[in-house]
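See structure below.
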Amino acid sequence: MADVVVVAGPALTIPVRRHRMTGSELAKRVALYVVLVVGAALMVFPFVWTIITSISPEASLTVSPSLIPTDPSLSGYAELFANTPFAVVVANSLGLAVVTTVIQLFTGSTAAYAFSRLQFRGRTVVFGIYLATMMIPLQVLIVPLFSELKVFGLLDSYVGVLLPSLASAFGIFLLRQAINQVPRELDEAATLDGAGHFRIFWTIILPNIRPALATLVVFAFMGSWNNFLWPLIVLSSPQLQTLPIALANLQGQYTTQWDVVMAGSVISILPMLALYIFAQKYIIQGVASSGIK
Amino acid sequence: MTVQDAALTTRPRKKVSARHVLTVLAFLLPSAIPLALFSLGPMIASAWVSLNQWNLLSAMKWVGLSNYIHLFSDPTTGAVFLHTVYYIVGYLPLVYIGGLALALALNTALKGRSLLRGIYFLPVVTSWIVVAVIWRWLLAPDSGVVNTVLGFFGITGPGWWTDPTWAMPSIIIASAWKDIGFVMVILLAGLQSIPTDMYDAAKVDGAGWWRRLFSVTLPLLSPSTFFVVVISLINGFQVFDQVYAMTAGGPNGSSEVVVEEIYDLTFRYSQAGTASALSWMLFIVILAVTVIQIRGQRRWVNYG
């Protein structure tokens, strides 16, 4: 940070000799901060309200949301863990999300490599079919999907929950865009050194698309973590329940104790936020360690 | 490679080609098999359902194209498509320009940028159930924060989600607010792959901030922009959660969108055949819009 001075403008962190900011540069800087902080306040408000409501046992939906906790207490959280299987549910959702993310990283990066780097007939058409799988609303696919898994005998199992999200066209598209931006000269140099596609994929492409991979980790995890409709339909055993279903049940169960519902919401947001903050390091580090200029 | 070399390598090339097929399959099958079985399969099944009358309980009854004919003659169909397009036209520019501005601002070496990035991402991870409660309150006609603030400036705010004219703008504002962090994350990852020496060169040439934005940043960011636009349109046509949570299509059906109608047809009226037909009409529209974008991308998308 010592001799890095920011030049007003986007995407610019150009190492130059330290110099004093001129008056207008400083004014721009301050203006940017003001806008960003006001915007951030607007963004963070609902979350703050969720936390405050979760520690206000008197809170209810009928009163206007208040930013001053009335008689703050953690009884909402205590109620949640004492009288609902919330710990089990969080563990279930974590497990499913981790498995989904790992599988989608594998299926996504391999497919993206094929669509970006391998020549084969019908490549555009196949890619189009992949994208087309995103174009039909889930609401209408659920009935056929349910019948299909019934035939396989996979209802009420995590395998049944996982099967429709083993590969995601969204993730494949995201990674393909990233691989397309990796200079082909790098592959060619590796080919001259005798590297095959698997080695190029592993040693050249993957390290160079780290920001996109980290982005996919966030979205794959979030997709599984927030998945509601499909697990609701597939799972019937209470011990297999996932977090979004438990949250929906809370709303039915604690219609007057809004603090319990919001305690559940806070717990559902925190792991996602932690994951994003962790992944962000890799999203930003990507270029620094990739060796491309 | 000389002609002679080429002639010599003709035979082994066939062998390489068989290996090439195996390579392609190795990279493609891990995703192709699950997508074929659990996305494409159910899609084809729903196409079949769309040609039948089915209440999800008794046996299907073949009706041919009459579900489609019925939908084409029903004025609701046009209305729900119109509302959906209205949503997209309002939502996409807001979320893209907002997300771009944020990504640009938070890509500079500002103090506290990690914290700010985290904060702007918060709405993305918050469930629509919570977001809808908050926005209905912010946009409440009488005591809501927004109308109270407008009142300070002597403006009488509209009825927002309680008013047929303002229901869709309310949904658009809440959606843009929630998704701006999503666009920011994608564009930030894209900005990271722009080599800094491009900026050095532009600066040496005396290019100002706007000039660099339009001549360096945006062209080099175009693959990420393309991704955001294609995904936002695919998802925008299938907008559902926020409508369901904020207005449930009301008041008086003024914010009823296509997937809301599909949901109602399936789970409220048990008309799975009509719902499937409407889904396939939506599919054709989304497909056409996406194909146009893929065709048009070589005009503006710049892959390194």
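Structure values in brief
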quantity	calculated
Placed amide H near B:GLN53: partners under 5 Å, 5+ positions off or other chain	B:LYS61, B:TRP62, B:VAL63
Restricting the stretch A:109-164 to trypsin sites (Lys or Arg not before Pro) in coil, as DSSP defines it, with at most 16 other Cβ within 10 Å	A:ARG121
Amide proton proximity set for B:PHE240, modelled H, under 5 Å, gap of 5+	none
Whole-Å distance, taken between Cα centres, linking the stretch B:221-278 and the stretch A:142-172	22
Around B:THR84: net Lys/Arg minus Asp/Glu count, Cβ-Cβ under 13 Å	-3
Residue-averaged beta-carbon neighbours from other chains (10 angstrom radius) around B:220-231	3
10 Å Cβ neighbours from other chains, averaged over peptide A:141-151	5
Number of partner chain Cβ atoms within 10 Å, mean per residue of A:42-53	5
Hz values of 3J(HN,Hα) by residue in the stretch B:53-63 - Karplus curve (6.51, -1.76, 1.60), Gly and Pro given as x	9, 8, 9, 6, 10, 7, 5, 6, 10, 5, 10
Under the Karplus curve 6.51 cos²θ - 1.76 cosθ + 1.60, θ = phi - 60°, whole-Hz ³J(HN,Hα) for the stretch B:93-98, x wherever Gly or Pro sits	x, 4, 6, 6, 5, x
Reduced Cα scattering model of the stretch A:80-210, Debye log10 I(q)/I(0), q = 0.12, 0.13, 0.14, 0.19 Å⁻¹	-0.64, -0.72, -0.80, -1.12
Whole-number percent relative contact order across the stretch B:131-175, with pairs defined as alpha carbons under 8 Å at least 6 apart	31
Inter-probe distance in nm under a simple model that places probes 7 Å from Cα toward Cβ, at A:ASP193 and B:PHE152	6.1
Long-range HN-HN contacts of B:SER255 with modeled amide H, under 5 Å	B:GLY250
Whole-percent pair-distance distribution, where bins are 10 Å wide, for the alpha carbons of the protein assembly as shown	3, 15, 24, 26, 19, 9, 3, 1, 0
Highest-fluctuation residue, A:GLU148, A:GLU185, A:GLU25 considered, GNM on chain A with Cα pairs under 10 Å	A:GLU25
Total formal charge among the other residues, if their Cβ is under 11 angstrom from that of A:PHE115, Lys/Arg +1 and Asp/Glu -1	+3
Extent along principal axes [Cα atoms of chain A; Å; largest to smallest]	68, 67, 29
Relative contact order (percent, whole number), the stretch B:161-284, Cα cutoff 8 Å, 6+ residue spacing	28
Whole-Hz ³J(HN,Hα) from phi, Karplus 6.51 cos²θ - 1.76 cosθ + 1.60, for the stretch A:173-182, glycine and proline x	4, 4, 6, 4, 4, 5, 5, 4, 8, 6
Sites A:PHE278 and A:LYS28 - FRET efficiency at Förster radius 51 Å, r taken between beta-carbons, to 0.05	0.95
Highest-fluctuation residue, B:PHE227, B:PHE27, B:PHE214 considered, GNM on chain B with Cα pairs under 10 Å	B:PHE27
Spherically averaged projected area in nm², based on the convex hull that wraps the Cα atoms of the stretch A:176-221	3.2
GNM flexibility winner over chain B from B:VAL85, B:VAL133, B:VAL49 (Cα, springs under 10 Å)	B:VAL133
For B:VAL24, net neighbour charge (Lys/Arg +1, Asp/Glu -1) across residues whose Cβ lies under 11 Å away	+4
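Every read-out reported here was derived from the displayed coordinates using simple, explicitly stated rules and does not represent laboratory data. Computed from a predicted model, the values in this text were never measured in an experiment. As a convention, Cβ positions derive from the backbone with ideal geometry for all residues, glycine included, and neighbour counts pool all protein chains shown.
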